[in-house]
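Colleague: Sharing a structure with you now.
The values are calculated or read from the model by the stated rules, or taken from the named source; none is laboratory data. Source: prediction; values computed, not measured. Counting neighbours? That spans all protein chains shown, and the Cβs are built from the backbone with ideal geometry, glycine included.
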Amino acid sequence: MSESKYDVYAQLANPNSCINKAKAGEPIFVLQGGDEFAADLVEQWADKLDAAKGEPTPKSEDARAVAAEMRAYTPRKIPG
């Protein structure tokens, strides 16, 4: 797969990524593209955001783009 703006290194280099915007001590949870459940969970999150906002947002559209790349990523496996 070619490099993506959603790649881990691109996210670490982006000062506006959620990883870099997390406050000290704020819990985060990372889903990897190889996780069999990740894409579905990201899409569920985007659906909840859209429902809360009443319409699709740039953030939910971005999440769906990440989910699409996760689905295309191989190999995928059940974690654990």
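Colleague: Note down all Cβ pairs under 7 Å where the first residue falls in segment 1-22 and is touching a residue at least 60 places away in the same chain (Cβ under 8 Å), the second is assigned to a helix (DSSP H, G or I), and they're at least six residues apart or on different chains.
Modeller: Every condition considered, the pairs that remain are M1/A72; S4/A10; S4/E69; Y6/V66; Y6/E69.
Colleague: Within segment 11-20, how many residues are closer than 17 Å to P58 by Cβ and either touching an Asp or Glu at 6+ places or on another chain (Cβ under 7 Å) or surrounded by 11 or more Cβ atoms within 10 Å (Cβ to Cβ) (or both)?
Modeller: Here the count works out to 4.
Colleague: Let me ask something else. So, of the residues in segment 38-80 that are under 16 Å from Y6 (Cα atoms) and of a type in the set (V, I, T), which turns out to be surrounded by the fewest Cβ atoms within 10 Å (Cβ to Cβ)?
Modeller: Among those residues, the one meeting the criterion is T74.
Colleague: Shifting gears a bit: Would you mind listing the helices (runs of 4 or more DSSP H) fully within segment 5-59 where at least 1 residues are among the acidic types (D, E) and closer than 26 Å to I78 by Cβ?
Modeller: 38-53
Colleague: Going through segment 1-20 one residue at a time, which ones are polar (S, T, N, Q) and either touching a strand residue (DSSP E or B) at 6+ places or on another chain (Cβ under 6 Å) or more than 13 Å from M70 (Cβ to Cβ) (or both)?
Modeller: Matches in segment 1-20: S2, Q11, N14, N16, S17, N20.
Colleague: Another one. Being surrounded by fewer than 12 Cβ atoms within 10 Å (Cβ to Cβ) and touching a helix residue (DSSP H, G or I) at 6+ places or on another chain (Cβ under 9 Å) is the filter; apply it to segment 21-31 and report the residue that is nearest to A65 (Cα to Cα).
Modeller: V30
Colleague: Look at D35 and say whether it is at pLDDT 95 or above, surrounded by 10 or more Cβ atoms within 10 Å (Cβ to Cβ) and in contact with a Pro (Cβ under 9 Å, 6 or more places away or on another chain).
Modeller: Criteria met by D35.
Colleague: Looking at segment 63-74, I want the residues that are free of Cβ contacts under 8 Å to residues at least 40 places away in the same chain and farther than 9 Å from A39 by Cβ and have a partner that is among the small types (G, A, S) and assigned to a helix (DSSP H, G or I) with Cβ atoms under 8 Å, at least 6 apart or on another chain. Which pairs are those?
Modeller: Listed by first residue and then by second, the contacts come to A63/A46; R64/A46.
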